[in-house]
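What follows is a set of notes on a single structure, which appears directly below.
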Amino acid sequence: MDLTKLKQEIISYSKSIGIDKIGFTTADPFTELKNRLICQQELGYQSGFEEPDIEKRTNPALLMEEPRSIISIALAYPAKMKIRVESKKGARRGIFCRASWGLDYHHIIKDRLQKLETFIVLQVPDVRLKSMVDTGELSDRAVAVRAGIGWSGKNCAVITPEFGSYVYIGEMITSLPFEPDTPIEDRCGSCTKCLEACPTGALVQGGQINAQRCISFLTQTKSLIPDEFRDKIGNRIYGCDSCQTACPYNKGKDFHFHEEMEPDPEVAKPLLKPILNLSNREFKLKFGQVSGAWRGKKPIQRNAMIALAHFKDQSAVPDLIRVLKEETSPVARGTAAWALGKIGGELALSALKTAKARETDPEVLREIDKGLGLISNC
């Protein structure tokens with residue numbers, strides 16, 4: 001078999017199916033990554049969303065019998081909306097991060113990988129392949145870096161020379177010993193703009209992140225947001241792009257290659273108040289196709305309340321009072337109580353006093369007291 005020829009055929013085919021960049025690397029263990037992950041684990045910096053077995057995250061041989069190479073792919077996504085919608089007084093809007101614009105990227109990447117698998121099997125019927133994206137065991141970023149897709153930036157994102165860090169990535173382990181591509185040298189230099197831009201100081205140092213402080217992680221949790229982060233979340237209702245927008249390699253980068261990635265502005269930048277009143281069915285109809293919906297309705301509603309508090313939106317007070325009165329979730333009631341305190345006013349004050357008299361959940365009572373304290377300090 002002429003693997004050099006096959007590699008070129010795979011590269012050519014990948015372009016025809018909408019893969020913007022492709023790279024090849026060995027299936028050797030990711031030894032350096034393993035050491036970093038152990039360190040992250042010991043420091044308590046992991047998010048908890050990752051594959052818990054570090055060996056599986058760093059050793060392809062544990063995922064497929066006799067792997068010989070890994071193919072990494074990247075697809076560029078838009079950085080700007082073609083149609084903009086504005087946040088106005090009385091009609092405030094939240095924002096999903098760019099990686100959650102358009103169709104859920106897991107579906108997009110899986111589609112391209114499946115097409116690539118079909119093509120390779122036609123050429124080599126007895127080949128063994130295993131594809132994954134994000135929720136798989138391997139570290140997508142480590143594979144992409146070693147395959148020459150880009151380098152690992154100080155913001156922990158893969159930065160490509162062509163598309164900046166606005167790329168979705170995925171990979172395929174193969175039983176074919178393809179010639180590996182050359183990794184790209186780190187080009188961040190002495191720049192620290194991403195570290196300076198991080199609202200919560202989650203970027204501990206270049207290339208190291210404390211996920212427990214990262215807004216992207218915090219917006220995906222299901223518990224009450226810790227006090228120190230609430231004001232910093234702003235109007236973000238899923239994810240955070242601060243470290244990406246600050247990166248010089250993303251300046252002027254905006255690619256609209258894939259129709260399924262184009263954002264619906266009413267979904268990517270939705271009105272906040274209606275979110276508080278969505279049923280599960282309504283939530284799925286409106287947001288179910290985007291990656292930011294993976295944790296369900298409750299975190300998005302909690303984040304929407306924090307965003308309304310950020311805007312001090314008086315028109316949202318009746319909606320927040322309804323949540324405080326009617327929601328069964330202590331997290332929802334507690335966040336509503338805090339948000340009412342941040343917004344303030346006589347109506348909010350009265351609602352908080354009434355709620356305090358009937359509330360039995362200790363966590364919610366603490367949030368009610370915080371809200372009352374915020375109003376008294378105005």
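The values are calculated or read from the model by the stated rules, or taken from the named source; none is laboratory data. Being a predicted model, the structure only gives us computed values, none of them experimental. Glycine also receives a Cβ, built like all others from the backbone with ideal geometry; neighbour counts cover every protein chain displayed.
Residue check: is GLU32 of a type in the set (Asp, Glu) and either part of a loop (DSSP other than H, G, I, E, B) or under 22 Å from the mean Cα position of the chain (by Cα) (or both)?
No: the conditions fail for GLU32.
Please identify the pairs in which a residue from the stretch 242-265 that is at pLDDT 95 or above has its Cβ atom under 6 Å from the Cβ atom of a residue that is of a type in the set (Val, Ile, Thr) and assigned to a loop (DSSP other than H, G, I, E, B), counting only partners at least 6 apart or on another chain.
PRO265/ILE83; PRO265/VAL85
Does any residue of the stretch 298-310 turn out to be without any contact (Cβ under 8 Å) to a residue 40 or more places away in the chain, under 30 Å from the mean Cα position of the chain (by Cα) and in a helix (DSSP H, G or I)?
Scanning the stretch 298-310 turns up at least one residue that is without any contact (Cβ under 8 Å) to a residue 40 or more places away in the chain, under 30 Å from the mean Cα position of the chain (by Cα) and in a helix (DSSP H, G or I).
Are any residues in the stretch 182-198 buried (at least 17 other Cβ atoms within 10 Å of the Cβ), in contact with a strand residue (DSSP E or B) (Cβ under 6 Å, 6 or more places away or on another chain), more than 30 Å from ARG230 (Cβ to Cβ) and not β-branched (Val, Ile, Thr), and if so, which ones?
None - no residue of the stretch 182-198 is buried (at least 17 other Cβ atoms within 10 Å of the Cβ), in contact with a strand residue (DSSP E or B) (Cβ under 6 Å, 6 or more places away or on another chain), more than 30 Å from ARG230 (Cβ to Cβ) and not β-branched (Val, Ile, Thr), so the list stays empty.
Can you report the number of residues in the stretch 42-59 which are touching a Leu at 6+ places or on another chain (Cβ under 7 Å) and either in contact (Cβ under 8 Å) with a residue 40 or more places away in the chain or assigned to a loop (DSSP other than H, G, I, E, B) (or both)?
So the count comes out to 3.
May I ask you to list the residues in the stretch 86-118 that are over 22 Å from the mean Cα position of the chain (by Cα), part of a loop (DSSP other than H, G, I, E, B) and of a type outside the set (Lys, Arg)?
Matches in the stretch 86-118: GLU86, SER87, GLY90.
Which one is nearest to ALA99 (Cα to Cα), of the residues in the stretch 119-168 that are within 24 Å of the chain's Cα centre (by Cα) and of a type in the set (Lys, Arg)?
Within the stretch 119-168, the match that is nearest to ALA99 (Cα to Cα) is ARG141.
Looking for whichever is closer than 19 Å to GLY207 by Cα, touching a strand residue (DSSP E or B) at 6+ places or on another chain (Cβ under 7 Å), without any contact (Cβ under 8 Å) to a residue 40 or more places away in the chain and not basic (Lys, Arg) here; the options are VAL167, VAL158, VAL133, VAL145. Which one fits?
Answer to the check: VAL145.
Give me the pairs: first residue in the stretch 214-231 and among the aromatic types (Phe, Trp, Tyr), second residue buried (at least 18 other Cβ atoms within 10 Å of the Cβ) and outside any helix (DSSP H, G or I), beta-carbon distance under 7 Å, and six or more apart or on different chains, which are they?
Final answer for the pair search is PHE229/THR200.
Taking the stated definitions as given, is ARG98 touching a residue at least 40 places away in the same chain (Cβ under 8 Å) and within 30 Å of CYS188 (Cβ to Cβ)?
Yes; evaluated as a whole, the condition is true for this residue.
List the residue pairs whose Cβ atoms are under 6 Å apart, where the first residue sits in the stretch 69-94 and is in contact (Cβ under 8 Å) with a residue 60 or more places away in the chain, the second is part of a strand (DSSP E or B) and charged (D, E, K, R), and the two are 6 or more positions apart or on different chains.
Filtered contacts from the stretch 69-94: ILE70/GLU171; SER72/GLU171; ALA74/LYS21; SER87/ARG93.
Which members of the stretch 302-322 meet the condition of being buried (at least 23 other Cβ atoms within 10 Å of the Cβ) and either aromatic (Phe, Trp, Tyr) or in contact with a helix residue (DSSP H, G or I) (Cβ under 6 Å, 6 or more places away or on another chain) (or both)?
Hits for the stretch 302-322 are ARG302, ALA304, MET305, ILE306, LEU308, ALA309, ALA316, LEU320.
Which condition number in (1) at negative phi; (2) of a type outside the set (Ser, Thr, Tyr); (3) surrounded by fewer than 18 Cβ atoms within 10 Å (Cβ to Cβ) is the one that GLY201 fails?
Every listed condition holds for GLY201 apart from (1).
With respect to GLN289, determine if the residue is in a loop (DSSP other than H, G, I, E, B), in contact (Cβ under 8 Å) with a residue 12 or more places away in the chain and either farther than 30 Å from GLU260 by Cβ or of a type outside the set (Gly, Ala, Ser) (or both).
For GLN289, the condition - in a loop (DSSP other than H, G, I, E, B), in contact (Cβ under 8 Å) with a residue 12 or more places away in the chain and either farther than 30 Å from GLU260 by Cβ or of a type outside the set (Gly, Ala, Ser) (or both) - is met.
Given the condition touching a helix residue (DSSP H, G or I) at 6+ places or on another chain (Cβ under 7 Å), crowded, with 16+ Cβ neighbours inside 10 Å, of a type outside the set (Ser, Thr, Tyr) and without any contact (Cβ under 8 Å) to a residue 40 or more places away in the chain, answer yes or no: does some residue in the stretch 25-35 qualify?
Checking the stretch 25-35: at least one residue is touching a helix residue (DSSP H, G or I) at 6+ places or on another chain (Cβ under 7 Å), crowded, with 16+ Cβ neighbours inside 10 Å, of a type outside the set (Ser, Thr, Tyr) and without any contact (Cβ under 8 Å) to a residue 40 or more places away in the chain.
If you check every pair at least six apart or on different chains, which have Cβ atoms under 8 Å apart with a residue in the stretch 357-375 that is among the basic types (Lys, Arg) first and a residue that is at pLDDT 95 or above and assigned to a helix (DSSP H, G or I) second?
Pairs that qualify, where the first residue is among the basic types (Lys, Arg) and the partner is at pLDDT 95 or above and assigned to a helix (DSSP H, G or I), are ARG366/GLY334; LYS370/ASP227; LYS370/ALA337; LYS370/TRP338; LYS370/GLY341.
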